[in-house]
Amino acid sequence: MVGIEDQLITLLYLLAIATVVGVVSARRERIQYTTGLIVTGLLISVVGSPVDVELTSDFILLVLLPILIFNEAVNIDPRGFRENLVPILALAVPGLLVSIAIVAVVSRFLFGFPLVIAILFGVIIMPTDPVSVLATFDDIGAPERLAILVEGESLLNDGVSIVVYSSVLAIILEAESAGVALGEMYTHGRFLWDVGIGITVAVVGGALVGAVAGYIATELIAFADDSLTTIVVSVGLAYGVYVFLDVLGSSGVIGTLTAGIFLASPSGATELPPTSHFTLENVWEYAAVIANTIIFVAIGIVTPIALQVESVGHVLAAIVLVFFARAVVIYPLVELLNRWLVDSIPRSYQHVLTWSGIHASVSIALILGVSETGAISDPLVAQLSAMVIGVAAFTLLVNGSTMGRLLDRFEIGQRTPPQELYESLVGRLHGVDAALDTAERLREGDEISESVFEDVTAVYRRERAELEAALESLLDRYPDVRRHEERLGTRRILVAEHRAINEAIQRGDISGDVGDRLLDDVKAKLDHVLTDEWTVTEPTPTDFTPYWRQELEGVPLDDGIAKIQTGTSRPDDGTGSEDR
């Protein structure tokens, strides 16, 4: 009982600190909440904390991390996540592994670590935690795609890093228990094989378990159509999938992520009722705020300031190494991906992806896990802990607080008042349409009477008419907003073109070489739309001839086709004089 009382006192102590920080940050906009938490924790660490605060690996990984993962999963745009899955996977799996390798190789020479310790350090330090970055994104209205790339990469690389960490730590413990050197038990080939199999099983197995569990939970919540049931089922889903997969040695992170995305997005004929969806998003968002609050305050308080000062050289070298490894991977990898992506990732986004590498909760949890196992000597654990905590504190304070200025520097997410008004009108229009659709379904299911339906929808129809009139007036008065809407619409149309041509290739309707040329044309147009070089009034540049027109010019056809090419054709006037 005493242990529980101590834990409750610690929790109340952390929440009291967070309350003070929250009040100050709310009154002074320049102070970011997450930055204020970590700074306050560090100050308490310097003067001494009246309450003993202890972080454990299990508390972070088994209690707090499922909350953070599931909250991101149910609030992320599932369509946007699917559309950007290729670059997200590339950054989170091969990108992460290459960055770990870079850190491991350099660490051997820079810090004198044995190979396996150097690999372990890379695995611990490279997973990202972009919470404060995403908070900045929300404040300034950064593009949704950029947020999805940063958030998606973080979610997946957490799962991959934990799998690799478990494999490396198991090797160390096995060698220690056998009383032999690591080199006598494991070759490089066997190590790579074990890690590769572990990642494959974790990603595939975790995704399958998460999808099945998410489907069952969606059916239960849709059947019950009750807010309390939604909360209970979602909590059981998040923790149940995570713990189940963790016990099996698979990735609880991947499973929980998949389950949350599956639950929050329509699955076939089943879709969560609007009230359940609203409850789901809000409850988990509040839970994530509390979880992050506890993590950030606790990280500051448990940071050993004296050890940081003593190891300042190693900490600074680790900070530089981490950013170097991330930059060396992101820029070449993204440029390589842009050769095949329909919607290429701009260079400005690449800068943000590099700077968004905040290494906090997962890294802290993993180094605590190493310390708790006793697999490594105390002096080496102390050195690793100082470096990991130092990198975490630096990235939280510096990267998180300067992200807004970086976005301003590259003019990402900057909106004028008319643009903000446009977004608010469009957002409200989506809400009104959803309300009208829901009312229609309720009427069709005889869940509301005809008179109630008419009364409710009449209000929404009037509001919709007002919104449409306001939008038209806004677009007429502000040409830049109209151009923005036109570019968005053109981009969606071009992406649909690309998808349709791809599907035609897969069906065998057109050959691969012809399809590739047609796809190149669409990508060329899309690139210009994304860089704002074209508008709808000028859909193609004067020096650009699509592939199909080049082919048309090389094949002699009748005069009607020639007129189409020169733009002189006229619609059939109904006299039947058109050439057949």
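The values are calculated or read from the model by the stated rules, or taken from the named source; none is laboratory data. As the structure is a prediction and not an experimental result, all values here were calculated from the model. Here the Cβ is made from the backbone with ideal geometry for all residues, glycine too, and neighbour counts use every protein chain on show. Remember, those area values only see protein heavy atoms, side chains included, never the ligands or the DNA or RNA. Shrake-Rupley method; radii C 1.70, N 1.55, O 1.52, S 1.80 Å.
Residues that are outside any helix (DSSP H, G or I) and either modelled with pLDDT of 95 or more or of a type in the set (A, V, I, L, M) (or both) within the stretch 322-347 comprise LEU341, VAL342, ILE345, listed in sequence order. Across the stretch 294-320, which residue is modelled with the highest pLDDT among those that are open to solvent by less than 30 Å² (accessible area, probe 1.4 Å) and within 30 Å of PRO143 (Cβ to Cβ)? That would be ILE319. Modelled with pLDDT of 90 or more, of a type in the set (S, T, N, Q) and under 15 Å from PRO78 (Cβ atoms), is that true of THR258? So THR258 passes the test. Name the single residue, out of those in the stretch 334-358 being surrounded by fewer than 19 Cβ atoms within 10 Å (Cβ to Cβ) and of a type in the set (A, V, I, L, M, F, W, C), that is farthest from ASN84 (Cα to Cα). Looking at residues that are surrounded by fewer than 19 Cβ atoms within 10 Å (Cβ to Cβ) and of a type in the set (A, V, I, L, M, F, W, C), I get LEU336. The selection criterion, being hydroxyl-bearing (Ser, Thr, Tyr), open to solvent by less than 20 Å² (accessible area, probe 1.4 Å) and either within 30 Å of ILE162 (Cα to Cα) or out of contact with any strand residue (DSSP E or B) (no Cβ under 9 Å at 6 or more places or on another chain) (or both), does not hold for THR373.
Taken over the stretch 42-74, the criterion of being among the β-branched types (Val, Ile, Thr), farther than 30 Å from GLY236 by Cα and open to solvent by less than 60 Å² (accessible area, probe 1.4 Å) is satisfied by ILE44, VAL51. Of all residues in the stretch 31-46, those satisfying the criterion of being among the aliphatic types (A, V, I, L, M) and closer than 13 Å to ILE17 by Cβ are LEU37, ILE38, VAL39, LEU42, LEU43, ILE44.
Can you go through ILE231, ILE254 and tell me which one is buried (at least 24 other Cβ atoms within 10 Å of the Cβ) and among the aliphatic types (A, V, I, L, M)? Break it down into steps so the answer makes sense when it comes.
Details: ILE231 fails: buried (at least 24 other Cβ atoms within 10 Å of the Cβ).
From the options ILE231, ILE254, the qualifying one is ILE254.
Against the numbered list (1) open to solvent by 60 Å² or more (accessible area, probe 1.4 Å); (2) more than 19 Å from GLU83 (Cα to Cα); (3) at pLDDT 75 or above; (4) not charged (D, E, K, R), ALA470 comes up short only at (1). For the structure I just gave you, tell me whether SER265 is among the hydroxyl-bearing types (Ser, Thr, Tyr), in contact with a helix residue (DSSP H, G or I) (Cβ under 8 Å, 6 or more places away or on another chain) and modelled with pLDDT of 85 or more. Criteria not met by SER265.
Within the stretch 483-497, the set of residues being of a type in the set (Lys, Arg), closer than 15 Å to GLN419 by Cβ and either open to solvent by less than 70 Å² (accessible area, probe 1.4 Å) or modelled with pLDDT of 80 or more (or both) comprises just one member, ARG487. Scanning the stretch 399-453 for residues that are on the phi > 0 side of the Ramachandran plot and of a type in the set (Asp, Glu), we see that the one that is farthest from the chain's Cα centre (by Cα) is ASP446.
Could you list, in sequence order, the residues of the stretch 84-111 that are more than 12 Å from the chain's Cα centre (by Cα) and either open to solvent by 40 Å² or more (accessible area, probe 1.4 Å) or of a type in the set (Lys, Arg) (or both)? Of everything in the stretch 84-111, those that are more than 12 Å from the chain's Cα centre (by Cα) and either open to solvent by 40 Å² or more (accessible area, probe 1.4 Å) or of a type in the set (Lys, Arg) (or both) turn out to be VAL86, PRO94, LEU97, VAL98, ALA101, VAL105, VAL106, ARG108, PHE109, LEU110.
Among the residues of the stretch 25-41, are any open to solvent by 90 Å² or more (accessible area, probe 1.4 Å) and modelled with pLDDT of 90 or more? No.
Screening SER377, SER371 for residues that are at pLDDT below 85 and under 19 Å from SER107 (Cβ atoms) leaves exactly one candidate, SER377. Put simply, of LEU155, LEU134 the only residue that is closer than 21 Å to GLU83 by Cβ, surrounded by fewer than 24 Cβ atoms within 10 Å (Cβ to Cβ) and within 13 Å of the chain's Cα centre (by Cα) is LEU134. Against the conditions (1) in contact (Cβ under 8 Å) with a residue 24 or more places away in the chain; (2) over 20 Å from SER344 (Cβ atoms), ASP509 satisfies every one except (1).
Note on the stretch 268-289: among residues that are buried (at least 17 other Cβ atoms within 10 Å of the Cβ), modelled with pLDDT under 90 and small (Gly, Ala, Ser), the one that is farthest from ASN71 (Cα to Cα) is SER276.
Please verify whether the stretch 94-104 includes one or more residues that are farther than 30 Å from ILE376 by Cβ and either among the charged types (D, E, K, R) or without any contact (Cβ under 8 Å) to a residue 40 or more places away in the chain (or both).
No, the stretch 94-104 contains no residue that is farther than 30 Å from ILE376 by Cβ and either among the charged types (D, E, K, R) or without any contact (Cβ under 8 Å) to a residue 40 or more places away in the chain (or both).
Residue selection: GLY122 fails the criterion of being in contact with an Asp or Glu (Cβ under 9 Å, 6 or more places away or on another chain) and over 23 Å from VAL297 (Cβ atoms).
When you go through VAL388, VAL320, VAL362, VAL329 one by one, which is the residue that is in contact with a Gly (Cβ under 6 Å, 6 or more places away or on another chain) and not basic (Lys, Arg)? Steps first, answer last, please.
On the way: VAL388 fails: in contact with a Gly (Cβ under 6 Å, 6 or more places away or on another chain); VAL320 fails: in contact with a Gly (Cβ under 6 Å, 6 or more places away or on another chain); VAL362 fails: in contact with a Gly (Cβ under 6 Å, 6 or more places away or on another chain).
Only one candidate passes the filter, namely VAL329.
When every residue of the stretch 359-367 is checked against the conditions, at least one turns out to be among the polar types (S, T, N, Q), surrounded by 22 or more Cβ atoms within 10 Å (Cβ to Cβ) and within 31 Å of the chain's Cα centre (by Cα). For the residues PHE111, PHE70, the requirement of being of a type in the set (A, V, I, L, M, F, W, C) and either free of Cβ contacts under 8 Å to residues at least 40 places away in the same chain or farther than 23 Å from VAL201 by Cα (or both) singles out PHE111.
Scanning the stretch 346-396 for residues that are without any contact (Cβ under 8 Å) to a residue 60 or more places away in the chain, under 16 Å from LEU173 (Cβ atoms) and of a type in the set (Val, Ile, Thr) yields a total of 1.
Find the helices (runs of 4 or more DSSP H) located wholly in the stretch 1-85 whose residues include 3 or more that are charged (D, E, K, R) and farther than 21 Å from ASP129 by Cα, and list them.
Output list reads 2-27.
Put simply, of TYR215, TYR239 the only residue that is of a type in the set (Ser, Thr, Tyr), surrounded by fewer than 17 Cβ atoms within 10 Å (Cβ to Cβ) and touching a helix residue (DSSP H, G or I) at 6+ places or on another chain (Cβ under 9 Å) is TYR215.
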